[in-house]
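What follows is a short report on a single structure.
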Amino acid sequence: SQTIHQWPATLVQPVGSPLSLECTVEGTSNPNLYWYRQAAGRGLQLLFYSVGIGQISSEVPQNLSASRPQDRQFILSSKKLLLSDSGFYLCALDRGVYNEQFFGPGTRLTVL
Amino acid sequence: GDSVTQMEGPVTLSEEAFLTINCTYTATGYPSLFWYVQYPGEGLQLLLKATKADDKGSNKGFEATYRKETTSFHLEKGSVQVSDSAVYFCALRRIGSEKLVFGKGMKLTVNP
């Protein structure tokens, strides 16, 4: 069965510092992978998705970037964090005939 | 474009009350429809799905029927429990699309 690992689970960072969040998956190959952000009290915002190594589609302009250096690794980065980057970051993959998405446990990021 | 509109709440119910969460959608073609649940501090979990008109998805006492004529996928449960306290998201995905479209989510609190 498929498993998604997200690291770290929680993170507190100062404004202006860099960011690297990691998502690794097991039990599948060549998955479509997704990064979502959930700000406090708000819904899900799709940030990036990837259909393969080195292939990244960005959904909203922002100071975040994503990379997929390996088939089962998806990384979310920033060079300089903003206060508005605080939130709950979720990694997901497509699963099943109807492509329901399977979500990881999330990373809670607080920017101070 | 595709969109999902759902009750946003928050909603507070007493244990054993009847629950309905309304969800309507706009999409071209015949999307698959999903309900996801997010328990406090966790990622999203697929609760149920329906892939064609008149399909009924069910899980953990929850049900939703794909109504094409009213473009709706309302979530119901006859008797809620404290453990059902969570945020509920309605979502759709068109065949061939790389993206899941989410509603804004509804927070449910069930009191004993």
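Here A:56, A:75, A:4 are placed in order of increasing Cβ neighbour count within 10 Å, fewest first, which gives A:56, A:75, A:4. Let me have the relative contact order for chain A, percent, based on Cα pairs under 8 Å that are six or more residues apart. Computed value for chain A: 35 percent relative contact order. Distance from the alpha carbon centroid of the range A:74-93 to that of the range B:45-98 works out to 29 angstrom.
Simple rule: put +1 on each Lys or Arg Cβ and -1 on each Asp or Glu Cβ in the protein assembly as shown, find the dipole, and look at A:27, B:24, A:76; the Cα lying farthest toward the positive end is A:76.
For the range B:1-81, the fraction of C-alpha pairs more than 17 angstrom apart is 49%.
Taking the Cα centre of chain A as the origin, how large is its charge dipole in debye, to the nearest 20, when only Lys and Arg (+1) and Asp and Glu (-1) carry charge on their Cβ atoms?
Working: 8 positive and 7 negative charges, 58 e Å.
Charge dipole of chain A: 280 debye, to the nearest 20.
Counting alpha carbon pairs within less than 8 Å and at least 6 residues apart, what relative contact order, in whole percent, applies to the range A:45-97? Computed over the range A:45-97, the figure is 23 percent.
Computed on chain B, with alpha-carbon pairs under 8 angstrom and 6+ residues apart, the relative contact order is 37 percent.
Of all DSSP beta bridges confined to the protein assembly as shown, the antiparallel ones make up roughly 90%.
Longer than 26 Å from Cα to Cα, which of B:49/B:104; A:79/B:107; A:79/B:104; B:60/B:104 are they? Say none if no pair is.
On the way: B:49/B:104 18 Å; A:79/B:107 34 Å; A:79/B:104 29 Å; B:60/B:104 22 Å.
Listed pairs above 26 Å: A:79/B:107; A:79/B:104.
Around residue A:59, under 13 Å between beta carbons, what's the net of Lys plus Arg minus Asp minus Glu among the other residues? Working shown, then result.
Working: positive: A:37, B:99; negative: B:98.
Net charge in that neighbourhood comes out at +1.
The numbers here are math on the coordinates, done by the rules we state, and not lab data. These numbers were taken from a predicted model, which means no experiment stands behind them. Cβ sites come from the backbone with ideal geometry, for glycine too, and all protein chains shown count toward neighbours.
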